[in-house]
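What follows is a short report on a single structure.
The values are calculated or read from the model by the stated rules, or taken from the named source; none is laboratory data. These numbers were taken from a predicted model, which means no experiment stands behind them. Please note: Cβ atoms are built from the backbone with ideal geometry, for glycine as well, and neighbour counts cover all protein chains shown.
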Amino acid sequence: MKTEHLRAVIIKVTEGDKVITSQAFGESVAGVPATTAMHFPNGAVAFAYLGTLLMEFVDEHKVKLDDTIDRWMPTLPEANKVTLKMLANQTSGYPDFETDPAWLAAWSANPFHIWTFDERVKYAFARPVQFAPGTNWSYAHTNFMILGEILSKIGKKPLDVLLREKVLTPMGLKNTTASQTSEIPSPVLHAFDSERRGALKIPANVAFYEESSFWNVQWGTPMGANETTNIDDMATTAIKVGTGALLSKSSYEAMTAPNLLGFGHKQDNCAPSCFTQVNGYNYGIGVVRSGSWLLQNPLLDGYSATEAYLPSKKIAIAVAVTFAPEAFDSQGNYSNSSDKVFRAIGAYLAPDDAPPPAKD
């Protein structure tokens with residue numbers, strides 16, 4: 001905590017049926033200790049649920065991964081070439097609205113705004129497609145935003161209902177709930193942030209640290225997949241996603257195998273999110289593979305969280321952290337410290353199959 005300048009850390013680690021540790025350190029707000037019961041946004045962990053839902057529809061023979069999306073959204077660019085798989089593994093070529101300067105300015109001006117699907121689509125396609133579908137890799141929230149809309153059409157229900165009925169409840173997740181608002185069930189793990197410093201033109205020598213707990217994080221997920229959770233559900237997610245508990249063997253392999261290892265290359269119009277998939281980081285269907293570990297590690301609005309699973313040893317690690325003022329640099333940037341904590345714990349518990357550095 002001292003090295004990473006962390007305000008709070010909540011962890012849960014299991015091996016098989018045994019809970020190795022479940023602990024909380026630090027404070028949520030001044031004078032209120034962090035606890036393992038506290039709730040926080042789970043961000044891109046929801047992408048693993050979307051990947052699971054997609055593969056369930058594949059198992060049910062409702063769709064195939066290579067189906068093109070013009071069947072559901074014919075007006076999108078390259079809709080007759082972009083497939084469901086390309087949306088789910090970040091190879092569509094669609095620009096990320098979250099990197100658009102105009103969107104970033106609008107978010108910085110009002111981080112409480114609830115971003116609609118149509119608003120985000122407009123920002124996303126204000127720029128041209130970055131590469132021909134399936135020819136490169138680039139992380140884009142746009143992909144999962146669109147995939148969520150399509151999954152709702154396939155399942156003929158709102159996405160939050162589908163996820164609850166077909167993923168969250170079957171996985172046994174009792175503390176993961178969706179809301180389009182900024183609501184977080186009590187007790188709340190509060191977060192604080194400095195990333196608006198640059199946009200607000202606050203000089204580096206002026207202290208700037210604001211509460212970000214109730215900024216709206218719907219912007220990063222599909223409508224219906226903006227969720228909050230707790231450390232128990234994060235650990236359970238690691239196990240259920242990591243074992244493919246709801247999927248056929250073939251769908252689990254399609255979702256989690258290192259299929260993109262070695263794929264992708266740097267490209268000026270999508271730097272820095274275009275890069276070659278390496279052992280330390282290669283993307284599946286809504287999940288990240290790092291060495292033999294399967295994970296998601298969102299970083300947003302002053303929260304950092306990681307859930308990870310090592311199938312060979314049945315080790316699950318869940319970490320959530322918030323940040324002290326010193327964690328932010330002079331521009332308001334900060335690092336994904338929960339990922340560092342996970343990798344340290346993983347190396348300790350599985351030294352023969354430790355999580356590799358993400359860039360290796």
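Residues being β-branched (V, I, T) and within 15 Å of G244 (Cα to Cα): count how many of those fall in segment 306-335.
Looking only at that region, the number is 1.
Answer yes or no as to whether I285 is surrounded by 22 or more Cβ atoms within 10 Å (Cβ to Cβ) and not in a loop (DSSP other than H, G, I, E, B).
Here the answer is no, as I285 does not meet what is asked.
From the set of residues in segment 316-339 that are farther than 15 Å from I10 by Cβ and under 20 Å from the mean Cα position of the chain (by Cα), which is surrounded by the fewest Cβ atoms within 10 Å (Cβ to Cβ)?
N333
Take segment 315-346 and flag every residue that is of a type in the set (S, T, Y), at pLDDT 95 or above and more than 14 Å from I231 (Cα to Cα).
Y334, S335, S337
Hey, among A316, A305, which residue is in contact with a Ser or Thr (Cβ under 6 Å, 6 or more places away or on another chain), closer than 25 Å to Y334 by Cβ and touching a residue at least 40 places away in the same chain (Cβ under 8 Å)?
Working: A316 fails: closer than 25 Å to Y334 by Cβ.
Answer to the check: A305.
Within segment 127-174, track down each residue that is without any contact (Cβ under 8 Å) to a residue 40 or more places away in the chain and among the charged types (D, E, K, R).
Across segment 127-174, the qualifying residues are R127, K156, K157, R164, E165.
Condition first: surrounded by 15 or more Cβ atoms within 10 Å (Cβ to Cβ) and in a helix (DSSP H, G or I). Now tell me which residues in segment 71-107 satisfy that.
L84, K85, M86, L87, A88, F97, E98, T99, W103, L104, A106, W107
Identify the single condition in (1) of a type outside the set (G, A, S); (2) surrounded by fewer than 22 Cβ atoms within 10 Å (Cβ to Cβ); (3) in contact with a Leu (Cβ under 7 Å, 6 or more places away or on another chain); (4) part of a helix (DSSP H, G or I) that D118 does not satisfy, given that it satisfies every other one.
(3)
Check whether at least one residue in segment 40-60 is in contact with a His (Cβ under 8 Å, 6 or more places away or on another chain), buried (at least 23 other Cβ atoms within 10 Å of the Cβ) and farther than 19 Å from L189 by Cα, and report yes or no.
No, segment 40-60 has no match at all.
Being touching a helix residue (DSSP H, G or I) at 6+ places or on another chain (Cβ under 8 Å), of a type in the set (D, E), in contact (Cβ under 8 Å) with a residue 60 or more places away in the chain and within 30 Å of V32 (Cβ to Cβ) is the requirement here; does E326 meet it?
Working: touching a helix residue (DSSP H, G or I) at 6+ places or on another chain (Cβ under 8 Å): no; of a type in the set (D, E): yes; in contact (Cβ under 8 Å) with a residue 60 or more places away in the chain: yes; within 30 Å of V32 (Cβ to Cβ): yes.
So E326 fails the test.
Let's see how each residue does on (1) without any contact (Cβ under 8 Å) to a residue 12 or more places away in the chain; (2) assigned to a loop (DSSP other than H, G, I, E, B):
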position	(1), (2)
Q180	no, yes
E183	no, yes
H190	no, yes
A199	no, yes
V206	yes, yes
W215	no, yes
W219	no, no
M223	no, yes
T228	no, no
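Considering (1) surrounded by fewer than 19 Cβ atoms within 10 Å (Cβ to Cβ); (2) outside any strand (DSSP E or B), say which one F25 fails and leave the rest.
(2)
Condition first: crowded, with 23+ Cβ neighbours inside 10 Å and either in contact with a Phe, Trp or Tyr (Cβ under 7 Å, 6 or more places away or on another chain) or of a type in the set (A, V, I, L, M) (or both). Now tell me which residues in segment 179-193 satisfy that.
L189, A191
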